[in-house]
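Chemist: This is the structure I have questions about; it appears just below.
What follows draws every value from the coordinates through simple rules; no lab data is involved. Small disclaimer: the values here were computed from a predicted structure and weren't measured. Please note: Cβ atoms are built from the backbone with ideal geometry, for glycine as well, and neighbour counts cover all protein chains shown.
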Amino acid sequence: MPGNITTRVRELRQAGAGMTQQQLAKAVGVSRQTIIAIESGRYSPSLEVALKIARTFGHPVEAIFSLEDDAD
Amino acid sequence: MSSMSFQEKSAWGTLASLLVIGALYFSSVINLWRAEQLHMASMFGVSVGFTVLLVMILVGFHILVAAISGAEDEDERDRLIAWRSGHIGGIVLGFGVVSIVLMIIGGGMVDSTLWQSPVIIANALMAMVFIATVVELALTIWFHRRGI
């Protein structure tokens, strides 16, 4: 159902001091269920939410989200 | 249940309530029809009664869910799910309405009073609204569970 986008959201969230899904959800302005869906690949976020996630982690958006073809 | 959003819980509760009330309503209508007591007045009473009951159940359910887990604002994923499931539900409803129009026209062509009876047409429309709503709620749950 969802698109073929791979994500490093869970990896980056858990890196360092770690961040809960609830904390990330609040920082980005979505529900915790949406963060769960993004991490499990069941939802591809809008560009706005992707950019907010990238800003939260301090990484460029393409370092967090990529097309599956590009991962090869 | 804790991994469910408020919108998903709402869809589950509404779907379950609708299926129970819908089954009670249509079984009442069928019983009235078999007893040859299905008239507009009796149908009006049954439909108003079950609609009021459904509204009361849904209001109570949503108050309970909001009190236990808190109501949440919709985010972009919730809105996308609502739009997509509503869109498909609308197509189902449109298909159903066209089918009923064809039923009325067909009834006129074969001179059948049954298929042109206002009470049959009204219940056919009720059934289509019921089916379209069930499809919409089931898809809402599906998209929440399986992704969109």
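Chemist: Could you give each residue of the stretch A:37-50 its phi-based ³J(HN,Hα) in whole Hz, using Karplus coefficients 6.51, -1.76, 1.60 with θ = phi - 60°, and x for Gly or Pro?
Modeler: 5, 5, 5, 8, x, 8, 8, 9, x, 5, 4, 4, 5, 4
Chemist: Arrange B:27, B:85 by Cβ neighbour counts within 10 Å, fewest through most, would you?
Modeler: Details: B:27 10, B:85 22.
Exposure proxy ranking, most exposed first: B:27, B:85.
Chemist: Rounding to the nearest 20 debye, state how big the charge dipole of chain B is about its Cα centre with +1 on each Lys and Arg Cβ and -1 on each Asp and Glu Cβ.
Modeler: On the way: 7 positive and 10 negative charges, 55 e Å.
Once rounded to the nearest 20, the dipole reads 260 debye.
Chemist: Another question about this same structure. What is the local net charge at residue A:39, summed over the other residues whose Cβ is closer than 12 Å to its Cβ (Lys, Arg +1; Asp, Glu -1)?
Modeler: +4
Chemist: Taking θ as phi - 60°, what are the ³J(HN,Hα) couplings along the stretch A:57-65 by the Karplus curve (6.51, -1.76, 1.60), each to the nearest whole Hz, with x for Gly and Pro?
Modeler: For the stretch A:57-65, the Karplus-derived couplings read 8, x, 10, x, 4, 6, 7, 10, 10 Hz, x marking Gly and Pro.
Chemist: If Lys and Arg each add +1 and Asp and Glu each add -1, what is the summed charge of the other residues whose beta carbon sits under 14 Å from the beta carbon of residue B:90? Before the final figure, lay out each step's value.
Modeler: Details: positive: B:84; negative: B:136.
So the surrounding residues net to 0.
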